[in-house]
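Working notes, beginning with the structure itself.
The values are calculated or read from the model by the stated rules, or taken from the named source; none is laboratory data. Treat the numbers as computed from the prediction; the structure is a model and nothing was measured. Counting neighbours? That spans all protein chains shown, and the Cβs are built from the backbone with ideal geometry, glycine included. To get the accessible areas, we keep the full protein, side chains included, count just its heavy atoms, and leave off ligands, DNA and RNA. Shrake-Rupley method; radii C 1.70, N 1.55, O 1.52, S 1.80 Å.
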Amino acid sequence: MRCPWADGSELYRDYHDFEWGQPVHGRDALFERVCLEAFQSGLAWITILRKRPAFRAAFDGFVVDRVAAFGEADVTRLMTDAGIVRNRAKIEASIGNARAVQALDVDLDELLWSYAPARRARPKTIGQVPAVTSESTAMAKELKRRGFRFVGPTTAYALMQATGMVDDHLADCWVR
């Protein structure tokens, strides 16, 4: 059995089976996930999955130092790129967040993973999967304190799910 949200699309299925909930480490890899979760805000995740290759191309592979160097010409370029979500606030937040990563006095990996809760039993139903937790609220608060934008508690929890900080695959899901 597979988590029911992964049904209906090969892209969702593959994301569920091979990525979602698997531990992600490394500054650039986690920065990419922070950005994509922020772009997803208010949209269906399938929209971001479909556009992910274009996002990676448009944002130079989400290499923090490259994105942090983006200027107004890059914002203009990104606003005309139909392959990505063209939301100025989210684009500018991604660039600002890259600069916030550079300014950290701790590695992004260490910072984000410090909020991972202790392992718990997998939920039995989708209804038992939270949208926000005390850990995601604390993570969002700390990221905002450090200058990050578009990283509220719900986005932070989605990031935790996507990067394996929490395991919200259902109890009867085959993914381990």
Review point. What residues have an amide H closer than 5 Å to that of Leu170, excluding those fewer than 5 places away on the same chain, when H is modeled at 1.01 Å from N in the peptide plane?
Key: Cys3
Check your understanding: Which whole-number percent gives the relative contact order of segment 50-176, counting Cα pairs below 8 Å spaced six or more residues apart?
Key -> 23
Review point. Can you give the extra length, in nm with one decimal, that the chain gains between Lys144 and Thr76 once fully stretched, where that is 0.36 nm per residue apart less the Cα-Cα distance?
Key: 22.0 nm
Review point. For labels at Asp7 and Leu104 in the simple 7 Å Cα→Cβ model, what's the distance in nm?
Key: 3.8
Point to revise | Mean accessible surface per residue for segment 45-145, computed with a 1.4 Å probe while every protein chain stays in place, in Å² | key: 52
Study note, to complete from the structure: Within segment 38-74, the residues whose backbone N lies under 16 Å from a label point placed 7 Å from the Cα of Val175 along the Cα-to-Cβ direction are 45-50
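Give the relative contact order (percent, whole number) for segment 23-92; include only Cα pairs under 8 Å separated by 6+ residues.
32
Where does the chain land at 222 nm, in deg cm²/dmol rounded to the nearest 500, when only DSSP H runs of n ≥ 4 count, each adding -39500 (n - 2.57), divided by all residues?
Numbers: 9 runs with 94 residues, N = 176.
Mean residue ellipticity, 222 nm, calculated: -16000 deg cm²/dmol.
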Exercise for review: Could you state the angle between the C-alpha long axis of helix 153-162 and the longest principal axis of the C-alpha atoms of the chain, as a value from 0 to 90 degrees rounded to the nearest 10?
Suggested key: 70
Point to revise | Carbon plus sulfur fraction of accessible area for segment 95-176, probe 1.4 Å, in percent | key: 55
Review point. With N residues in segment 110-176, what two-decimal value do you get for its Cα radius of gyration over 2.2 N^0.38 Å?
Key: 1.14
Exercise for review: Measure nothing but the geometry: give the 0 to 90° angle between the long axis through the Cα atoms of 45-58 and the longest principal axis through the Cα atoms of the chain, rounded to 10°.
Suggested key: 40
Check your understanding: For segment 1-53, what is one quarter of the convex hull surface built on the Cα atoms, given in nm²?
Key -> 4.1
Study note, to complete from the structure: The size of the Cβ-based charge dipole (Lys, Arg +1; Asp, Glu -1) of segment 1-127 about the Cα centre, to the nearest 20 debye, is 520
Study note, to complete from the structure: Given (1) -0.24, -0.45, -0.74, -0.85; (2) -0.59, -0.72, -0.84, -0.89; (3) -0.33, -0.58, -0.84, -0.93 as possible values of log10 I(q)/I(0) by the Debye sum over Cα atoms at q = 0.08, 0.11, 0.14, 0.15 Å⁻¹, the one from the coordinates is (1)
Check your understanding: When every alpha-carbon pair in segment 57-111 is counted, what percent end up more than 13 Å apart?
Key -> 59
Practice item. Would you give the gap between the C-alpha center of segment 103-176 and the C-alpha center of segment 43-63, rounded to a whole Å? Key: 20
